[in-house]
Each structure stands twice: as C-alpha cells, then as structure tokens.
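Down below is the structure, laid out as structure tokens.
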Amino acid sequence: MNTLLVRDVEVAGRPGVDVLIRAGVIVAIGSGLDVPGTAEVLDGRGGALIPGLHDHHLHLHAAAAQRMSVQCGPPHVRSADDLTDALAAAPGDDWIRGVGYIESVAGLLDSAGLDRIHATRPVRIQHRSGAMWVLNTAAAARVRLDNADHPGVERDERGRPTGRVWRADDWLRDRLPATAPPALDAVGADLTRFGITGITDATPDLSESSLDALVDAHLRGIVPQRMRLLGVPLHHESSWCTYSLSSGPYKIVLADSGLPELDDLVATIRRVHEAGRAIAAHCVTREALLILLVALDEAGTRPGDRIEHGALIPAETIEQLRRRGLTVVTQPGFLAHRGDDYLHDVEPRDLPDLYRCRSLIDGHVPTALSSDAPYGPLDPWEVIAAAVDRRCPTGEIVGPAERIDSSEALDRYLAPLDDPGGPARTIRVGAEADLVLLDRSLTEVLASPQADRVRATVIRGEVR
C-alpha cells in the first residue's frame, strides 16, 4: 500500500498543514502528523496544496499530431512568404501536414492558391478552427478528391472540388497513407507539468484504433490523468472502463459549415438519450445554439447534457440554458490567442456574446473552463488569466463585463469530470488524492497565474 505524506502546506488558506495519503486516498489532514515508516515525504515548503485541475474539453491525438506538423499561422507565420518558407523547410520528401492556418496569412486558400505557395509535395493544411482542411493539387489527387462523395468536400459552381474539406477528418484519414495514432508521451507530460489530473477528450466519433490507443496510453501511464471520452460510439462495449477511465456524454457536432436538419438533430438526441448517455453539443454560432435549443424542446433533456464552446451565447438565451439544466464548457483562452481576429471579423453586436463567463455564472448556468487544445492554449493557468482579463494579444479587452476573478476561474477547473460546472473539489479526508503542490500561497499564485508555480502533481497518490 503506497503511503505519501505531504508536509507543511497551505490548505484552504491554513498554513503549516500535513496531508497523509494511502492507496490514492487522503486519510488524514492536520499539523505535525506522524510520518509512517514506509511513507514517501513531499516537503511542501509552505506552498499551497489544491485539488488537481480538470481540463473538460481537449483533443489528445490532435495535440500530439500538432507537435509533428508545420505551424502555418501566427505568431511565426504571418504572410504568404512566411508560409512558403515554412512549407519548404518541412522535413521529408512526401506528405506535409500543416496546422494553425488563418486567413490573415494568405487569404482563403484553395488548391490553386496553395499550389502557388507549395506545389512540389502533397500538402494538407488545417484551419486554426480545426473545422477545415485545404489540400493542394498533388494532395487532392492522392486522396481522389475528384470522385469523392463526402458532403464535406467543397465544390465550386461547376462541381469541381475547391480543395477545401469541411469536418471530414475520418473520411480524409481513410484516404491518407496508413499511420498509427501519434504518441501521447509529450502531451501526457505537459498535462502533468501544468497540474492537470483529469481530462475529457472531446474528439467526436473515435475510430477503433484511436480509442484503443487512448485506452492503452492511459493504462500504461503515458497519460496518467483520469480520462473521459466523448467520442465513444453509442452502444460500444466498454470493457476497458475503470474508475479512472470512462465514456462521457456523446459528442454531437452542429457544424457552422452546415447545420443539421431539425428533425435529424431531434432524432439523434433521442437516440443518444435512449442509449443512456447525455449529449455534448458542439455550438460555436448563434444559429447552432438556437437550433439546439429548439431540438431539445422537442427531444427533451437529460442530466449531464452540455454545450461545448458556447462561443456565441445571446443574452436572451441564458435563462433558457438555466431552465433546461444545460452546462456550458467554454474556452476564454481563445481571447488571449485570437481576440484581435474576433475584434476584426465578428459583428460588433456579437462581441458581448463571445465566450461568456460572468453572465453565465450569475445566471446560474453551470459553467466549466477548458482548453480545446490544440486549437486553444493547453496551459490552464493561461486560460484562467484570460478569463480574468479577457485581453487580446494587442492589449484590447473583449467583453469586459464577462470577466471573473481568478479564484472563480480556478474553481471552473476544479469541478469533477462527471459534473463540469459543479462545485469545486476540495482537499478533505476520503477524497481521491489528485493534487497540485504550488510554490507559494494560493493568494499569491492567483494574483499572477502561471504554470511555473506548479512544483509537483500528485495523481492517485503518486508524485508525478
């Protein structure tokens, strides 16, 4: 039985506290606790001990793949010339995978436009939103885009593929050279370094190979965090479920590139609920949110139903969200990375509705914070800071009325995985020993949230 004593820490504002852990559970909290003979001792040096953080929406394999891809957007790539240089420097002699593209670099790319930047190797570049891939002519030929019948393959007025492919990741993957899912070692290490002890992978429609790889990474300790998976198919036999690994609500994507028919959406929601699962609905536009609310009126709601992103939530819908018992899992970290683009591209009337926090909390809508990594910043302390100041890269503020204080923002990372937006977990006897040791008092850390304040992360009673 593993025993750990965390010595001399601040717990809930009280300094000089010891915390004793056995078999992954907190068994005693007090001052001057005796050290069992076989115990490992972690000296807290007076720093705060808090529950481990939970990222309620990210994409593990996409985050890993991004590390092996060419960065095609700011801050390193800001022009067509920059993009040309970045693609030319890509290692290898076959496929190039690019990520992070935004129109400010070289406009709305299609095959012809990408050919002018790089035509010698097959290139596919993902838009920063994660919703679209653009392929050059060589890549389009390799995946046989001409004869594709997937609805996400965009065509021009003459029926020819433009090279833009919308929300068709699985279809595209099936036409690419076979590769194993990317290794998750570095992502798991980063999560631990940031103090994250629980995650929800929000990738929809996980393939069998992706699901197997995620399960294997968790069971082997490569990603030691407790894990929930939104993309597990309905009625999937989850023999791998454990106390630290489970399926979650079922991910439904209301794509901004093509909203579903209302009847189809109602039928999908009913099918998910009948299978015993809640829904996790991807909504980033006003129209997507409104059609979801109408569909839920028809299909009914289930405890645990949640909205992913809630990028645009009109004020008049907040009471509707509360009345239906919906949770919003949002990402104010986008403001710190993309706020300037929002100020430039989003209608002025919509700016107050972007990535709401304060009004949702005040409106009694359960609200959780998350990263949406790799599309948003993985670092939770960066997301917490963004929720507090809502500052763009150039210094302008987006939606100042939606600011929350740093302790409220931290609480939105401390909710249980199965209850995002619920009460923040606390350090107490009987609680699971998923903990973060900080290098100073919590008040000092929250005055300037930064990842380097994390001294150690404890997962299931083990120092990682």
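The values are calculated or read from the model by the stated rules, or taken from the named source; none is laboratory data. The structure displayed is predicted, hence computed values, not measured ones. Backbone-built Cβ (ideal geometry, glycine too); neighbour counts: all protein chains shown. Protein only, heavy atoms only, side chains kept; ligands, DNA and RNA dropped before computing areas. Shrake-Rupley method; radii C 1.70, N 1.55, O 1.52, S 1.80 Å.
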*What are the pairs, 6+ residues apart or on separate chains, where a residue within the stretch 26-38 that is within 20 Å of L435 (Cβ to Cβ) has its Cβ under 7 Å from a residue that is part of a loop (DSSP other than H, G, I, E, B) and open to solvent by 60 Å² or more (accessible area, probe 1.4 Å)?*
I26/R428; I26/V429; V27/V429; A28/V429; I29/V429
*Being of a type in the set (D, E, K, R) and either in contact with an Asp or Glu (Cβ under 6 Å, 6 or more places away or on another chain) or open to solvent by 20 Å² or more (accessible area, probe 1.4 Å) (or both) is the filter here, so list the residues in the stretch 271-313 that pass it.*
R271, E274, R277, R286, E287, D297, E298, R302
*Inside the stretch 348-369, can you point out the residues that are touching a Phe, Trp or Tyr at 6+ places or on another chain (Cβ under 8 Å) and in a loop (DSSP other than H, G, I, E, B)?*
Y355
_Within the stretch 228-254, tally of residues that are part of a loop (DSSP other than H, G, I, E, B) and open to solvent by less than 20 Å² (accessible area, probe 1.4 Å)_ = 7
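Looking at the stretch 406-428, which of the residues that are part of a loop (DSSP other than H, G, I, E, B) and basic (K, R) is nearest to Y250 (Cα to Cα)? Give the steps one after another, and end with the answer.
The first filter runs over the stretch 406-428 and keeps only residues part of a loop (DSSP other than H, G, I, E, B), leaving 415-428.
From what's left, basic (K, R): 425, 428.
Working: R425: 24, R428: 32 Å.
Looking at the filtered set, the residue picked out is R425.
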_Members of the stretch 70-110 that are touching a Phe, Trp or Tyr at 6+ places or on another chain (Cβ under 9 Å) and over 19 Å from P377 (Cβ atoms)_ = L83, L109
*Taking the options R453, R460, R464, R428, name whichever one is on the phi > 0 side of the Ramachandran plot and more than 20 Å from the chain's Cα centre (by Cα).*
R460
_One residue from Y413, Y355 being touching a Leu at 6+ places or on another chain (Cβ under 8 Å), closer than 26 Å to A64 by Cα, at pLDDT 95 or above and open to solvent by 10 Å² or more (accessible area, probe 1.4 Å)_ = Y355
*Taking into account only those residues within the stretch 271-292 that are in contact (Cβ under 8 Å) with a residue 40 or more places away in the chain and part of a strand (DSSP E or B), which is farthest from T330 (Cα to Cα)?*
A280
_Which numbered condition T268 fails, given (1) open to solvent by less than 40 Å² (accessible area, probe 1.4 Å); (2) in contact (Cβ under 8 Å) with a residue 24 or more places away in the chain; (3) in a helix (DSSP H, G or I)_ = (2)
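For the stretch 386-398, check the following and say yes or no: at least one residue is acidic (D, E), in contact (Cβ under 8 Å) with a residue 12 or more places away in the chain and closer than 25 Å to G188 by Cβ. Full working, then the answer.
Taking the stretch 386-398 and keeping what is acidic (D, E), we get 389, 396.
Pick out the ones that are also in contact (Cβ under 8 Å) with a residue 12 or more places away in the chain and you get 389, 396.
Remaining after also requiring closer than 25 Å to G188 by Cβ: none.
No, there is no match, as no residue in the stretch 386-398 is acidic (D, E), in contact (Cβ under 8 Å) with a residue 12 or more places away in the chain and closer than 25 Å to G188 by Cβ.
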_Positions within the stretch 429-464 being assigned to a helix (DSSP H, G or I) and crowded, with 18+ Cβ neighbours inside 10 Å, in sequence order_ = L442, V445, L446, R453
_Selected residue (criterion: surrounded by the fewest Cβ atoms within 10 Å (Cβ to Cβ)) from residues of the stretch 73-86 that are under 27 Å from the mean Cα position of the chain (by Cα) and more than 20 Å from D345 (Cβ to Cβ)_ = H76
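Among the residues of the stretch 160-195, which ones are basic (K, R) and out of contact with any strand residue (DSSP E or B) (no Cβ under 6 Å at 6 or more places or on another chain)? First the steps, then the outcome.
Restricting attention to the stretch 160-195, the residues satisfying the condition of being basic (K, R) are 160, 164, 167, 173, 175, 193.
Within the stretch 160-195, R160, R167, R173, R175, R193 qualify.
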*the stretch 370-385: number of residues that are part of a helix (DSSP H, G or I) and either without any contact (Cβ under 8 Å) to a residue 24 or more places away in the chain or under 22 Å from I102 (Cα atoms) (or both)*: 2
